[in-house]
Amino acid sequence: MPDDSPPTHRTGVRARISRNIVLLGVVSFFADVSSEMVYPIVPLFLTGTLGAPLVAVGLIEGVAESTASILKLAGGWLSDRVRRRLPFAFAGYSLAAVAKPALAAAVAWPMVLGVRFVDRAGKGIRNAPRDALIAASSAPENLGRAFGLHRTMDTTGAIAGPLIAIALLLWLGDNYRPIFLLAFIPGALSVIALLQVRETVTTVPQRTRDAILSLRGYDPRFLTFLGVSLLFALGNSSDAFLILRAHDIGLSATAVVLAYVVYNISYAALAFPAGIVSDRIGRRPLLAIGFLVFAGVYAGFAAVGDEWSVWPLFAIYGAYIALTEGIGRAYISDLVPEDRRASAIGLYGASTGAMLLIASIIGGALWDLVGPQATFAFGAGTASLAAIVFLGTSR
């Protein structure tokens, strides 16, 4: 049975970051530049240019994120079934790339719904196979380092994308369509970079392949982590609530976008070091600390009363994601055999993604019925409970 205790260290070739991992980081960097150039301005385009009602904005984003969550499971399972990673990654990144310029042709909000569906379908198809490829391209004792580097490069793109969008908005004003067209360039570069990645193929007995979709045979620690993650996700509502809270406290729209950039800078700066530390001391302590950091940030947003306090809270929020996102995937990779790795990562992404919808509904209801403090207090409570349960479970 796999062990999640700190791995032994090796030196030499296997201790290095492989070419595949660096290339996949470059792929994600360009893909995130493309996505984050578009993501902050789609609501403005919908309401300002197309005259869509707010309910349509909510519908579009709900369908988009649900699509991504469901297809993470499907993409992971199919990838394990056919023992290939790159075709799914290529299809996913290609769909996302071509979707961006398609937004420029939209003349009504249902067209944007269709484009966002294609875009998020691409994300869902590619994520689990890509993460399984990262795991297969790394020595076991360096999984945290590998996922940490990938998260850092990915998030650096998430920093650059909004900044490029802000610069283009200052130049173009309210003309959003050229930005959608320009977003195709980094999207295309991500696909070109992916063509340089090498496939990893493992021969698996047919009886193992047939059992991939079943939960039977998984390490109990993986199932425990999945359950704890769902408990945590119950209070982890959409980041839109953080943005609304910041704006409600007094930040301007531009300042809110910049605060979001601060969050991504913190995430990018800490993800790689956090991954290295997880290779040294194990994943569990850092994951539990990440849950507690989230609880502290949400408690802070519940109590905050002045706009200056928002900036450090967003920076600390970046530390939470650095301690959980890549390290969580590395932890799953530690516990799950290679032939079921994409399925397990896909199951994790699909289930926590579905819980995000429930969490956001709960968060919105608490905000409307009680106030914003209730939304963030609830999230702080579920995160604290998840940390306690996780630390209390046996190894």
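Given the criteria farther than 28 Å from S278 by Cβ, in contact with a Lys or Arg (Cβ under 7 Å, 6 or more places away or on another chain) and surrounded by fewer than 24 Cβ atoms within 10 Å (Cβ to Cβ), does A104 qualify? Against the criterion (farther than 28 Å from S278 by Cβ, in contact with a Lys or Arg (Cβ under 7 Å, 6 or more places away or on another chain) and surrounded by fewer than 24 Cβ atoms within 10 Å (Cβ to Cβ)), A104 qualifies.
This table checks each residue for (1) at pLDDT 85 or above; (2) within 30 Å of F45 (Cα to Cα).
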position	(1), (2)
I179	yes, yes
L231	yes, no
D239	no, yes
V261	yes, yes
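For the range 123-138, the count of residues that are surrounded by fewer than 18 Cβ atoms within 10 Å (Cβ to Cβ) and not in a helix (DSSP H, G or I) is zero. Scanning the range 218-255 for residues that are in a helix (DSSP H, G or I), among the hydrophobic types (A, V, I, L, M, F, W, C) and over 23 Å from F378 (Cα atoms) yields F222, L223, A253, A255. Restricting the range 37-86 to residues that are closer than 30 Å to E338 by Cβ and modelled with pLDDT under 75 leaves a set whose member that is surrounded by the most Cβ atoms within 10 Å (Cβ to Cβ) is E65. Looking only at residues of the range 337-395 that are of a type in the set (V, I, T) and within 30 Å of R83 (Cα to Cα), we find that the one that is surrounded by the most Cβ atoms within 10 Å (Cβ to Cβ) is I345. Residues in the range 338-384 that are polar (S, T, N, Q) and under 22 Å from the mean Cα position of the chain (by Cα): S343, S351, T352, S360, T375, T382, S384.
For the range 147-175, give me the residue count where each residue is over 19 Å from the mean Cα position of the chain (by Cα), touching a residue at least 12 places away in the same chain (Cβ under 8 Å) and surrounded by fewer than 22 Cβ atoms within 10 Å (Cβ to Cβ).
Number satisfying all stated conditions: 6.
Screening R16 on (1) under 30 Å from I281 (Cβ atoms); (2) crowded, with 18+ Cβ neighbours inside 10 Å; (3) modelled with pLDDT under 80 shows it passes everything except condition (2).
Would you check if S28 is over 30 Å from V277 (Cα atoms), assigned to a helix (DSSP H, G or I), out of contact with any strand residue (DSSP E or B) (no Cβ under 7 Å at 6 or more places or on another chain) and modelled with pLDDT of 80 or more?
Details: over 30 Å from V277 (Cα atoms): no; assigned to a helix (DSSP H, G or I): yes; out of contact with any strand residue (DSSP E or B) (no Cβ under 7 Å at 6 or more places or on another chain): yes; modelled with pLDDT of 80 or more: yes.
Taking the combined requirement at face value, the residue does not satisfy it.
The values are calculated or read from the model by the stated rules, or taken from the named source; none is laboratory data. Since this is a predicted model, take the numbers as computed values, not measurements. Cβ: placed from backbone, ideal geometry, glycine included. Neighbour counts: every protein chain shown.
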